[in-house]
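Data first, discussion second: the structure below is written as structure tokens.
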Amino acid sequence: MSVDQRRTALIEAAYRVIADHGVEGATTRRICAHANMPLASFHYAFDSRTALLCAVMETAVPSDINRMLESILPMIVDEGTGREAMQKNMRSQIEAFYTLLKADPGRMQATISLGIYAHNHAELQKVGKKMYERLYEVASLGLSVAAEKTEVEWRTPVAELGPVIIAATNAITLTYLSTSDDIAVGKIIEASTAALMSYVIED
């Protein structure tokens, strides 16, 4: 196995182990076991566990979110144009996110856990911040596509609205992971949709 193949396997294994055991539980031994590699091979791919965590935040998380976006964007249905169509599409996109979350909740849990862990560890703060900036960019793209499809305009630049979407998805994720309460999540989706619609220019 080449060094690049080892790196790829360890990054994916680390992401899954973090999803199952949290960042603190993602030891190099556990990650190597998940990747079916001997522990001694770890340092052929990464200098340290910190370097591996950086790689997860720089590559695995953005790739995962991009895949989610590719699944969600087709949910923007052709139901006409204007404010009402935009509201339906916003709700459909957030509901599509929730469907994906329920299918594999661990990966979003890993993303949130990594963000918190990075914020609390100086050597990871810069990478953690960049990870969230990338998430904001992906969310902003979704807003741009929806606005173009429904022929509406945002009163605020989408770059400033990306964090609103990520805050909503984080709230949905934490509520689902903590309670599995579809009714509570439905209320969050309803409130998030209403909040986003307040940024749409009136017809």
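The values are calculated or read from the model by the stated rules, or taken from the named source; none is laboratory data. Computed from a predicted model, the values in this text were never measured in an experiment. Virtual Cβ from ideal backbone geometry, glycine too; neighbours counted across all protein chains shown.
Residue-wise test of (1) surrounded by fewer than 17 Cβ atoms within 10 Å (Cβ to Cβ); (2) under 27 Å from the mean Cα position of the chain (by Cα); (3) without any contact (Cβ under 8 Å) to a residue 40 or more places away in the chain; (4) over 19 Å from residue 115 (Cα atoms).
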| site | (1), (2), (3), (4) |
| --- | --- |
| 2 | yes, no, yes, yes |
| 5 | yes, yes, yes, yes |
| 8 | no, yes, yes, yes |
| 11 | no, yes, no, no |
| 15 | no, yes, no, no |
| 21 | no, yes, yes, no |
| 25 | yes, yes, yes, no |
| 29 | yes, yes, yes, yes |
| 35 | no, yes, yes, yes |
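Out of the helices (runs of 4 or more DSSP H) lying entirely within region 1-86, which hold 3 or more residues that are touching a Leu at 6+ places or on another chain (Cβ under 9 Å) and either at pLDDT below 85 or among the aromatic types (Phe, Trp, Tyr) (or both)?
Of the helices (runs of 4 or more DSSP H) lying wholly inside region 1-86, those with at least 3 residues that are touching a Leu at 6+ places or on another chain (Cβ under 9 Å) and either at pLDDT below 85 or among the aromatic types (Phe, Trp, Tyr) (or both) span 61-72.
Of the residues in region 170-186, how many are touching a helix residue (DSSP H, G or I) at 6+ places or on another chain (Cβ under 7 Å) and either farther than 17 Å from residue 116 by Cα or loosely packed, with under 14 Cβ neighbours inside 10 Å (or both)?
So the answer is 4.
In region 145-161, what residues are out of contact with any helix residue (DSSP H, G or I) (no Cβ under 8 Å at 6 or more places or on another chain), within 16 Å of residue 87 (Cβ to Cβ) and in a helix (DSSP H, G or I)?
Hit for region 145-161 is 148, nothing else.
Quick check on my filter: what residues within region 162-203 are in a loop (DSSP other than H, G, I, E, B), among the hydroxyl-bearing types (Ser, Thr, Tyr) and out of contact with any Phe, Trp or Tyr (no Cβ under 6 Å at 6 or more places or on another chain)?
180, 198
I need the full set of residues from region 117-142 which are without any contact (Cβ under 8 Å) to a residue 40 or more places away in the chain and part of a helix (DSSP H, G or I), in order please.
If the condition is that a residue be without any contact (Cβ under 8 Å) to a residue 40 or more places away in the chain and part of a helix (DSSP H, G or I), then 119, 122, 125, 126, 129, 132, 133, 136, 137, 139, 140 are the ones that fit.
Residues 104, 64: which one is acidic (Asp, Glu) and within 11 Å of the chain's Cα centre (by Cα)?
64 is the lone residue from the list that is acidic (Asp, Glu) and within 11 Å of the chain's Cα centre (by Cα).
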